[in-house]
Structure formats: structure tokens, C-alpha cells
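**Student:** Pasting a structure below so you can have a look.
The values are calculated or read from the model by the stated rules, or taken from the named source; none is laboratory data. Note that the structure is predicted; figures quoted are calculated from it, not measured. FYI the Cβ positions are ideal-geometry reconstructions off the backbone, even for glycines, and counts take in every protein chain you see. Note: accessible area is taken over every heavy atom of the protein model, side chains too, but ligands, DNA and RNA are not part of it. Shrake-Rupley method; radii C 1.70, N 1.55, O 1.52, S 1.80 Å.
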Amino acid sequence: MKKFDRAMQILVAGFCINLCMGILYAWSVFKKALVVDLGWSNADASLPYTVAIITFALSLLVAGILQDRMGPRRVLILGTVMVGLGMIISSFATTPMMLVLTFGIMTGSGIGFGYACLSPSAMKWFHPSKKGLVNGLIAAGFGLAAVYLAPLTSALIAEYGINTSFLVLGVAVLVIAVPLAFTINNPPADYVPEAPAGYKAKSDKPVDINWRGMLKTPQFYSLWVMYAFASAAGLMIIGNITSIAATQANITDAAYLVVILAIFNSGGRVVAGILSDKIGGVKTLMIAFVMQGINMVMFATFNSEFTLIIGAAVAGVGYGTLLAVFPSIIADFYGLKNYGANYGVLYTAWGVSGFIGPVVAAFAVDTTGTYTLAYTVCSVMIAVAVVLSVITKKVDAAALEKKLATV
């Protein structure tokens, strides 16, 4: 019972840390203030967010390797400190380049270092049949952050300005997330999580494939493209939802859409995680891609408050599914021992998507005045992801390990 309590403590602490680090998903509010209050262009206001996503993905790769070797605690502490300090230093930024360095690189790196440690640690404390649920709950904390951060940031900016808002949020991360990071660790080497009631053990041999072996499988490249393309579409909406509302429906204060998107983003992570445990990760992705694709094709027609709420909700579920299911697929296809490094390599797709989505959106609106071009590009990418989800099958671990042994 004590071990189960410890597993739940890890899960709750990881969820709460992600609630603090999910500031990335409230960027739409910061971006609006930069454009409206400071007169920045859409491209300049999007750049720190874009750099933060790329830096997040690259640092997650490094952190994944480190936490596989030295455990999660020290890497996680470093990450949470960097997030807090990056936000605090961002309060002194006065130009796009300064904000790129402080928020884009420092805070982005910290988020990557923190995020890399939470899922692998939590999964090791729970039975393998719960991979999807655990990943969904951990990831939900990150997505749910925008539910309170969007209105909180809007209120802070309205009352104190954007610079003080960065400062307050940065101090909050240091006060809350850093102490929680000291509580995260891996289970003892001899720890065996208890199987749920009625669970029938599979006869499959445990999988243990490192990133070099993973790169020799066609499934990895299929997963990478699916992740990059579907995430680009989701991030395009997340990073621009308030601007989309202003452009298409003349809604000047649409922070509530960020909250709606975040709620469904987070709920989608939990539901998709549970579903992937039951029907498999790739099938769950296919359902999400189809839903996301239909929504993207129709998004240009959403010109009322009601339709934008529906569009934001569907986009949130579709995007949230990715963050819960891809980690589970990596653990399922390639094993938990090298999960940190393996998922870090796959997560570079998310970093690339962070360049594609916001940049396509900024280019579309700055050159045409609408987001229609961005919706079209994203629809095509999601169509490709649907096709790949149909043809991607689980890695034959035994055959792969035999092949690697003869190389």
C-alpha cells in the first residue's frame, strides 16, 4: 500500500509541476498584449513562442538522456529553476530579441528539462497497462495550466502591464514548482508495480530498444511525421486563438477561448490515454486525426462565438490526444529503459511543428489579413497523418533485436 501511495504522490506532484510549467499555452494572451499594447507585429510577437517550442523540444532530448542515466530529480530541479528565472528575466525584456533569449531560450529550455522527467518517472511507478492513463494525467497538468493562467495573465497585464506579469508568474514557479521537484524520483531497482484486478499478462517479451535501434525502424519515421504535422495544426490554433477570434468574429476579448481550448486539451489527454490503453495508441491517433482534420477544414467558416467555441474545443481534444498517446506508443514500441532518450528523439517533431504552425499563421495573417491559408496548409498535413496512422503497425521487437544483434 505504501508503494502505491508513493506512486500516487509522484503522479500528483508531476501533475502540479506541469500546472506551473504550462505557461507556454497561455502565450496567446501575451502575444495579444505585445501586438496591441506595444505595437509589435504578429511575426515579432510569435517569435519568442516559436523559439520556446523549438528549444523545449531540443532540451527535452538532452534531458531525456540525462534522466535515463542519473534519474529525474536533479534534472527536474534544474528545469523548474530555469523556468522561473527565465520568466523573471523576461520582465526586463524590451525588444523581440531580448524576449527570444529570456523566454524563448531560457524558459523554453527549463520547460524541456522539467517535462522530460515527469512521465518516465511516473510510468515506472505504475503497472505497464496504465501507461496511457498515467501519461494522460501528467500531460493534462501541462494543458490545464492555461485554464487559470490565461485569465490570470490577462488580469495581471490589465492591472500591472506585461513586464510585471512575467515577474509575478516567474516568482510563483520558483515558490511552487521547485519544492515539488525535490519529491520526484524513480522507484527502487527491485520495485514491481501491482497488476490491476483481472489483468491478464501478455506473453510478449519485454522490449528494450535504444534510440539507435529505434532509428532503424520505419515506424519511428512514420510516428515523427504524424507528430510534427498534427502538432503544427494544433499549435497554430493554440498560439493564435484570440487573434483568430478578433479577425473572424470581431471578438476583442477572447481569453475565455484559451480557457475552453485548455480544458478540452487537458480532458482530451486523459480520455485519449485511457482509450489508448484499451484499443491501442495508433488507432486512438487515427480517430483524433480525422476529427482534427474535419475541424481544420471548417475553421475558416467559424465567424461567431458559438462556432469558435466548438472549433476551439475540438482543436483542444485533437491536440491533447497527441501529448498523451505518443509517449505511450514510444514506451509500448521500444520499452521503458531508454524511454527518456527515445521520446526525446521523437519529440524533435514537436519542436519542428512549433516552427511550422505559428510561422504559417503569422505569414498568412500578415500577408492576406486572414488565417485561411494557414487552415489549408494544416488540413493537408493532417490528411498525411491520417494515411500514416492507417499503415503504421507495432514494432516487431523480437525481429528487430535479432537484426540488431547480427549487425
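**Student:** Between Ala195 and Thr183, how many nm apart are label points set 7 Å from Cα along the C-beta direction?
**Tutor:** Modelled inter-label distance: 3.1 nm.
**Student:** Net charge within 15 Å of Gly104 by Cβ-Cβ distance, Lys/Arg positive one each and Asp/Glu negative one each, not counting Gly104 itself?
**Tutor:** Counting the neighbours of Gly104, the net charge comes to 0.
**Student:** Among all helices in the chain defined by DSSP H, which have a length of 24 Å or more along the axis from Cα atoms plus a Kyte-Doolittle mean of at least -1.0?
**Tutor:** Those that clear 24 Å and a mean of -1.0 are 2-21, 42-70, 72-90, 108-125, 131-160, 162-181, 218-249, 255-279, 281-298, 305-334, 348-368, 372-391.
**Student:** Taking K and R as +1 and D and E as -1, what net charge do the other residues with C-beta under 14 Å from the C-beta of Trp211 add up to?
**Tutor:** Taking every other residue near Trp211 into account, the sum is +2.
**Student:** Considering only DSSP states other than H, G, I, E and B, which chymotrypsin sites (Phe, Trp or Tyr not before Pro) in segment 337-373 qualify as loop sites with at most 16 other Cβ atoms within 10 Å?
**Tutor:** none
**Student:** Sticking with this structure for a sec: Assuming a viscosity of 1.306 mPa s and a temperature of 10 °C, what translational diffusion coefficient in µm² per second does Stokes-Einstein assign to segment 335-394, Rh being the Kirkwood radius over Cα pairs?
**Tutor:** The diffusion coefficient I find is 116 µm²/s.
**Student:** Once every DSSP H run of n ≥ 4 in the chain is given -39500 (n - 2.57) and the sum is divided by its residues, what mean residue ellipticity at 222 nm do you get, rounded to the nearest 500 deg cm²/dmol?
**Tutor:** When only DSSP H runs of four or more count, the value is -26500 deg cm²/dmol.
**Student:** Within segment 332-350, list the residues whose amide N lies under 20 Å from a label point set 7 Å along Cα→Cβ of Lys403.
**Tutor:** Backbone N within reach: 332-336, 338-339, 342-343, 345-346.
**Student:** Test of understanding: express the Cα radius of gyration of segment 211-406 as a ratio to 2.2 N^0.38 Å, with N the residue count.
**Tutor:** 1.07
**Student:** Give the distance, in whole Å, between the Cα centre of segment 211-234 and the Cα centre of segment 14-29.
**Tutor:** If we compute the Cα centre of each part, the gap is 25 Å.
**Student:** So who's got an amide H within less than 5 Å of the one on Ile251, skipping anything under 5 residues away but keeping other chains? H placed 1.01 Å off N, in plane.
**Tutor:** Counting only residues 5 or more places away or on other chains, the set is Ala246.
**Student:** When only Cα pairs under 8 Å and 6 or more residues apart are kept, what is the percent relative contact order across the chain?
**Tutor:** 26
**Student:** Step through the table entries Lys32/Lys130; Lys337/Lys403; Lys124/Lys402; Lys130/Lys394, compare each Cα-Cα distance with 28 Å, and write down the pairs that go over it.
**Tutor:** Table pairs above 28 Å Cα-Cα are Lys32/Lys130.
**Student:** Sort Leu388, Leu257 by accessible area with a 1.4 Å probe, largest first.
**Tutor:** Ranking Leu388, Leu257 by accessible area, largest first, yields Leu388, Leu257.
**Student:** Right, here's the next one. Phe363 to Met70: extension gain in nm, 0.36 nm per residue of separation minus the Cα-Cα distance?
**Tutor:** Result: 101.2 nm gained on full extension.
**Student:** At 1.4 Å probe size, with the rest of the protein present, what percent of the exposed accessible area of segment 309-407 is carbon and sulfur atoms?
**Tutor:** 73
**Student:** Express in Å², to the nearest 10, the accessible area of Phe56 obtained by rolling a 1.4 Å probe over the protein heavy atoms while all chains stay in place.
**Tutor:** Taking all protein chains as shown, Phe56 has close to 0 Å².
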